[in-house]
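Here's the structure, in structure tokens; my notes come after.
Quick note: the coordinates plus some simple rules give every number you see, no bench work behind them. Note that this is a predicted model, so its numbers are computed, not measured. Here Cβ is always computed from backbone atoms with ideal geometry, including for glycine, and neighbour counts include all displayed protein chains.
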Amino acid sequence: MNEFLTKATRRPQLLTPGPTPVPHSVRQVGLLDPIYHRSEEFASLFLECRKKLQALFQSDSMPLILTSSGTGALEAALVNFTDEGDKTFVVVGGKFGERWRDLSSAYKCETKILNVESGKYADPAIIEQELSNETDVKALFLQASETSTGVFHPLKNIISSARKAHPDVLIVVDAVSAICAHNIAMDEMGIDVLVSGSQKGFGVPPGLSFIAASPRAWKAFSKRSKFYFDLKKEKSGQDKGLSSWTPASTLVEQLNLSMTALCELGPEKLEKRHQRYSDAVRAALKENGFELFAKTSPSFALTSFSPKSGISASDVQKTMKSKYGFQIAGGQGELKGKILRFSHLGFVDDFSILQGIAALDWTCADLSKEHHVGALTQSLMQNLQSDKNL
Ligand SMILES: *Cc1c(COP(=O)(O)O)cnc(C)c1O
């Protein structure tokens, strides 16, 4: 491909699980002067935005909007809903499970680890057994979609297993990369604290995080000292459209616009849309001889796979970006160099998938004589066009 058509005229197209592509109309909002955040205009925008988030979270509890990356909301969950010395269980199946573990230890909870093999999903039966062996378990922390491995933990079954062992255990779910890609019905599933972030399924630049808490969680509000992330204080202000501190108001305005599109589709169709991408990308990669990393229970947000033998993961990333203009993600931590991650989260469309797969295919052909560009375009078209209504 002519370099002029890629590098020189646009930034690499994002196929990363955060940040995700920002729709053009949402980007344009970013050019405007910020709205004064103590005005009535902003208060009503803020409340409208929270209501739209509520529709995606599917909860009677209105999510709070925080100015921080997703990890800020994870920290807020830990600080506001556990006390020092509380016994917590943490599902650790990758980098983000480790983040819950590290937060729980940093804030001096008695942290029990439920280790899950990388690339596998957390087994509800094992969780039930491990939790049954312990008394006084305050909370279970887990991811819905473990973005570092591309796995979706079977949330519904895990929650019912955990509640069999401890009916009142707080279920705290990091759905930062799951919301929009998966239909996560907070109240129906019995989730107590649900967290997400702007740069994932929402198609907004990084900088906002979202957190909703059930009545059970509010009842367990911690005695710890808090300041920036005092969620009770936030809630009393945000219910009137005011945040405690200066919010990233431009991002809120951008979010309000992207949420209009997301709410129009609604959580069920959003899940179907992402599942369709996941199925299509998995089929294309398999057909092209790649080994999928998350063999069962894949996240609909992204597809993780191993680079072919003899081809380095970082060379694939570099060539795809410099020559064809597509940014995919590599592995994190132990998985660095071992896997690649192709995201289909948020505002991607059929043609960005088609182009991304083709760019990967061509990249591998550039890097290895063994790689033959396949009949994948055909497979992609069949899969992507199976449902024209989404
Ligand atoms: C992106 C992500 C986060 C948040 O990361 P930040 O860099 O703090 O925004 C947390 N959990 C998961 C599963 C994620 O994918």
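Summary of computed values
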quantity	calculated
Beta bridges by DSSP in the chain, antiparallel share as percent, to the nearest 5	50 percent
Ellipticity estimate at 222 nm from DSSP helix runs (n ≥ 4, -39,500 (n - 2.57)) divided over the chain, nearest 500	-13500 deg cm²/dmol
Counted charge near GLN129, where neighbours are those whose Cβ lies closer than 12 Å (Asp, Glu -1; Lys, Arg +1)	-3
For region 219-283, average projected area of the Cα convex hull in nm²	7.6 nm²
³J(HN,Hα), Karplus 6.51/-1.76/1.60, whole Hz, each residue of region 145-159, x for Gly, Pro	10, 7, 4, 6, 10, x, 9, 9, 6, x, 4, 4, 5, 5, 5
For region 244-317, fraction of C-alpha pairs farther apart than 15 Å, in %	68 percent
Descending semi-axes in whole angstrom, ellipsoid equivalent of the chain, from the Cα gyration tensor	35, 26, 17
Fewest-first ranking of ARG341, ARG11, using other Cβ atoms within 10 Å as the exposure measure	ARG11, ARG341
Under the Debye formula (equal points on every Cα, no solvent term), log10 I(q)/I(0) of region 111-197 at q = 0.13 Å⁻¹	-0.38
Intensity falloff of region 287-332 expressed as log10 I(q)/I(0), Debye formula with alpha-carbon point scatterers, at q = 0.26 Å⁻¹	-1.11
Relative packing of peptides 235-241, 368-374, 248-254 - highest average C-beta neighbours within 10 Å first	248-254, 235-241, 368-374
For a label point 7 Å along the Cα-to-beta-carbon line of LEU242, residues of region 34-66 with backbone N under 14 Å	37-44
Calculated FRET value between ALA106 and LYS235, using beta carbons and R₀ = 25 Å, to 0.05	0.55
Cβ-placed point charges (K, R +1; D, E -1), dipole of the chain about Cα centre in debye, nearest 20	480 debye
Filter on LYS269/LYS338; LYS272/LYS318; LYS51/LYS233; LYS164/LYS226; LYS200/LYS232 - keep pairs with C-alpha separation over 29 Å	LYS269/LYS338; LYS272/LYS318; LYS164/LYS226
Nearest 10 degrees, 0 to 90: helix 350-367 Cα axis against the chain principal axis	60 degrees
Ranked packing of 113-124, 177-188, most packed first, by mean Cβ within 10 Å	177-188, 113-124
Protection-proxy order for peptides 34-41, 321-328, each taking the mean of Cβ atoms within 10 Å per residue, highest first	321-328, 34-41
Rh (Kirkwood; distinct C-alpha pairs) - region 156-282, Å	16.5 Å
